[in-house]
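Peer 1: One structure, as structure tokens, below. Some questions next.
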Amino acid sequence: MSNYIISCCSTADLSREHFEKRNIHFVCFHFMLDDVTYEDDLGKSIPFAEFYQKMTDGAMTKTSQVNADEFVQYFRPFLENGQDILHLTLSSGISGVYNSACIARDMLSEEFPDRKIYIVDSLAASSGYGLLMDAIADKRDEGMDIDTLYQWATDNRLFLNHWLFSTDLTFYIRGGRVSKTSGSIGNLLNICPVLNVNGEGKLIVQEKIRTKRKVIKEIVAKMEENTKNGVDYDGKCYISQSACYEDARAVADLIEERFPKLDGKVEIYDIGTVIGSHTGPGTVAVFFWGKEREV
């Protein structure tokens, strides 16, 4: 058994079963739905379908990150068990959780001076963050020690690409990522923005495509453009989606057709309740290893 654990936030948006199978620990963010507070516990407290339906029906959502005290409580049992910790946080470009984890690390380092606590800003989100965690689990399983793995994670995180689109701008407008005027016109004209996550871990609008059919083709073209080997890409591909599985499946089918050397089938996951509170329903995100992201 390894003498260290690997860990992430619930916003890595894989399934509970997947995390357990890969022996990846996670700590839960929080969200509010019509003033009721829940843990972002991968659909356990409230099923994803119900969550997105409530948003569609007008429910208001708010999210909150894991604070330093919660990290202390979460990390302590591992340290008491004699285990070191490698924890990757949700991107600092969209959350302040990295700072909270670092504060907890500094507090616990005084209490457990013989233990190693590494905190890495993933600069990633949703199932792209999850794909990074899977790669880290692979390296751990191959026998990589925690110091080398910490450096590998830091050196390779920007090669994890995120491309996404949305067919409903309602919640991007509400969150201020799209102006009310642009969003209203976009919804009226069936405009679907194409976004990516840049080298600072921030979500950036790159293009505006009219119609779902065209944007589905465009997101696959972005993958071909940004993988290192084009259609010969032989790595893994994950997709996450918010209450639009049919759209995600259409993207997955195109990817599996276009990239015959993929490492397994495209895996599709739900966008969780924290990330989904900001995207709302109708978002499809594609994640793969490729060119290094730039600022």
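The values are calculated or read from the model by the stated rules, or taken from the named source; none is laboratory data. This one's a predicted model, so the numbers in the text were calculated from it and none came from an experiment. FYI the Cβ positions are ideal-geometry reconstructions off the backbone, even for glycines, and counts take in every protein chain you see.
Peer 1: Considering only residues of the range 183-212 that are at positive phi and surrounded by fewer than 16 Cβ atoms within 10 Å (Cβ to Cβ), which is modelled with the lowest pLDDT?
Peer 2: Let us first name the residues in the range 183-212 that are at positive phi, namely 190, 201, 211.
Then drop every residue that is not surrounded by fewer than 16 Cβ atoms within 10 Å (Cβ to Cβ), which leaves 190, 211.
Numbers: 190: 77, 211: 92.
Across the range 183-212, the extreme among qualifying residues is 190.
Quick grid of which residues meet (1) over 23 Å from residue 47 (Cβ atoms); (2) modelled with pLDDT of 95 or more; (3) not hydrophobic (A, V, I, L, M, F, W, C):
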| site | (1), (2), (3) |
| --- | --- |
| 222 | yes, yes, yes |
| 228 | yes, no, yes |
| 233 | yes, yes, yes |
| 241 | no, yes, yes |
| 247 | no, yes, yes |
| 258 | yes, yes, yes |
| 261 | yes, yes, yes |
| 271 | no, yes, no |
| 279 | no, no, yes |
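Peer 1: Given the criterion assigned to a helix (DSSP H, G or I) and aliphatic (A, V, I, L, M), identify the matching residue among 164, 123, 88, 79.
Peer 2: Among 164, 123, 88, 79, only 79 is assigned to a helix (DSSP H, G or I) and aliphatic (A, V, I, L, M).
Peer 1: How many residues does the range 80-97 contain that are among the aliphatic types (A, V, I, L, M), in contact with a helix residue (DSSP H, G or I) (Cβ under 6 Å, 6 or more places away or on another chain) and closer than 10 Å to residue 119 by Cβ?
Peer 2: 2
Peer 1: For the range 58-103: of the residues being surrounded by fewer than 20 Cβ atoms within 10 Å (Cβ to Cβ) and among the hydroxyl-bearing types (Ser, Thr, Tyr), which is nearest to the chain's Cα centre (by Cα)?
Peer 2: By that ranking, first place goes to 92.
Peer 1: Take the conditions over 26 Å from residue 169 (Cβ atoms), touching a residue at least 60 places away in the same chain (Cβ under 8 Å) and in contact with a helix residue (DSSP H, G or I) (Cβ under 9 Å, 6 or more places away or on another chain) and apply them to residue 46. Does it pass? It would help to see each step written out before you state the result.
Peer 2: Details: over 26 Å from residue 169 (Cβ atoms): no; touching a residue at least 60 places away in the same chain (Cβ under 8 Å): yes; in contact with a helix residue (DSSP H, G or I) (Cβ under 9 Å, 6 or more places away or on another chain): yes.
Here the answer is no, as residue 46 does not meet what is asked.
Peer 1: Moving on to the next point. Within the range 21-43, how many residues turn out to be more than 28 Å from residue 140 (Cα to Cα), in contact (Cβ under 8 Å) with a residue 24 or more places away in the chain and among the hydrophobic types (A, V, I, L, M, F, W, C)?
Peer 2: Qualifying residue count, the range 21-43: 3.
Peer 1: How many of the residues in the range 1-22 are assigned to a loop (DSSP other than H, G, I, E, B) and under 18 Å from the mean Cα position of the chain (by Cα)?
Peer 2: Step one: filter the range 1-22 for residues assigned to a loop (DSSP other than H, G, I, E, B), giving 1-3, 13-15.
Among the residues that remain, those that are also under 18 Å from the mean Cα position of the chain (by Cα) are: 13-15.
Matching residues across the range 1-22 total 3.
Peer 1: Moving on to the next point. Would you check if there is a residue in the range 228-240 being closer than 18 Å to residue 162 by Cβ, in a helix (DSSP H, G or I) and under 16 Å from the mean Cα position of the chain (by Cα)? Reasoning before the result, please.
Peer 2: Of the residues in the range 228-240, the ones closer than 18 Å to residue 162 by Cβ are 228, 233, 235-240.
Checking the rest, the ones that are also in a helix (DSSP H, G or I) come to none.
No, the range 228-240 contains no residue that is closer than 18 Å to residue 162 by Cβ, in a helix (DSSP H, G or I) and under 16 Å from the mean Cα position of the chain (by Cα).
Peer 1: Can you spot a residue in the range 9-20 that is out of contact with any Pro (no Cβ under 9 Å at 6 or more places or on another chain), free of Cβ contacts under 8 Å to residues at least 40 places away in the same chain, buried (at least 16 other Cβ atoms within 10 Å of the Cβ) and not charged (D, E, K, R)?
Peer 2: For the range 9-20, residues out of contact with any Pro (no Cβ under 9 Å at 6 or more places or on another chain), free of Cβ contacts under 8 Å to residues at least 40 places away in the same chain, buried (at least 16 other Cβ atoms within 10 Å of the Cβ) and not charged (D, E, K, R): present.
Peer 1: Could you list, in sequence order, the residues of the range 219-228 that are acidic (Asp, Glu) and surrounded by 15 or more Cβ atoms within 10 Å (Cβ to Cβ)?
Peer 2: At the first step, the residues of the range 219-228 found to be acidic (Asp, Glu) are 224-225.
224 - this is the single residue of the range 219-228 that is acidic (Asp, Glu) and surrounded by 15 or more Cβ atoms within 10 Å (Cβ to Cβ).
Peer 1: Now a separate question. Take the range 280-295 and flag every residue that is surrounded by 23 or more Cβ atoms within 10 Å (Cβ to Cβ) and either touching a Lys or Arg at 6+ places or on another chain (Cβ under 9 Å) or not assigned by TED's automatic domain parsing to the domain that holds residue 203 (or both).
Peer 2: Of the residues in the range 280-295, the ones surrounded by 23 or more Cβ atoms within 10 Å (Cβ to Cβ) are 280, 283-288.
Those that are surrounded by 23 or more Cβ atoms within 10 Å (Cβ to Cβ) and either touching a Lys or Arg at 6+ places or on another chain (Cβ under 9 Å) or not assigned by TED's automatic domain parsing to the domain that holds residue 203 (or both): 280, 286, 287, 288.
Peer 1: Can I ask one more? Which of the residues belonging to the range 254-274 are surrounded by fewer than 19 Cβ atoms within 10 Å (Cβ to Cβ), out of contact with any helix residue (DSSP H, G or I) (no Cβ under 7 Å at 6 or more places or on another chain) and within 22 Å of residue 18 (Cα to Cα)? Before the answer, list the steps.
Peer 2: First, pick out the residues of the range 254-274 that are surrounded by fewer than 19 Cβ atoms within 10 Å (Cβ to Cβ): 254, 256-258, 260-265, 268.
Those left that are additionally out of contact with any helix residue (DSSP H, G or I) (no Cβ under 7 Å at 6 or more places or on another chain): 256-257, 260, 263-264.
Correct list: 256, 263, 264.
Peer 1: Could you grab the pairs with beta carbons closer than 6 Å, sequence gap of 6+ or different chains, first residue in the range 192-216 and in the same structural domain as residue 278 (by TED's automatic domain parsing) and outside any loop (DSSP other than H, G, I, E, B), second one surrounded by 13 or more Cβ atoms within 10 Å (Cβ to Cβ) and of a type in the set (Phe, Trp, Tyr)?
Peer 2: From residues that are in the same structural domain as residue 278 (by TED's automatic domain parsing) and outside any loop (DSSP other than H, G, I, E, B), the pairs are 192/165; 194/165; 196/163; 215/165.
Peer 1: Need pairs with beta-carbon distance below 9 Å; first residue free of Cβ contacts under 8 Å to residues at least 60 places away in the same chain and farther than 20 Å from residue 20 by Cβ and within the range 137-153, second part of a loop (DSSP other than H, G, I, E, B) and of a type in the set (D, E, K, R); sequence gap 6+ or separate chains.
Peer 2: Close Cβ pairs satisfying both conditions: 147/116.
Peer 1: Can you name the residue in the range 244-275 that is part of a helix (DSSP H, G or I) and acidic (Asp, Glu) and is also farthest from residue 11 (Cα to Cα) among such residues?
Peer 2: Our first condition is that a residue be part of a helix (DSSP H, G or I); within the range 244-275, this holds for 245-258, 273-275.
Okay, now just the ones that are also acidic (Asp, Glu), so 246-247, 253, 256-257.
On the way: 246: 22, 247: 21, 253: 25, 256: 26, 257: 29 Å.
Among those residues, the one meeting the criterion is 257.
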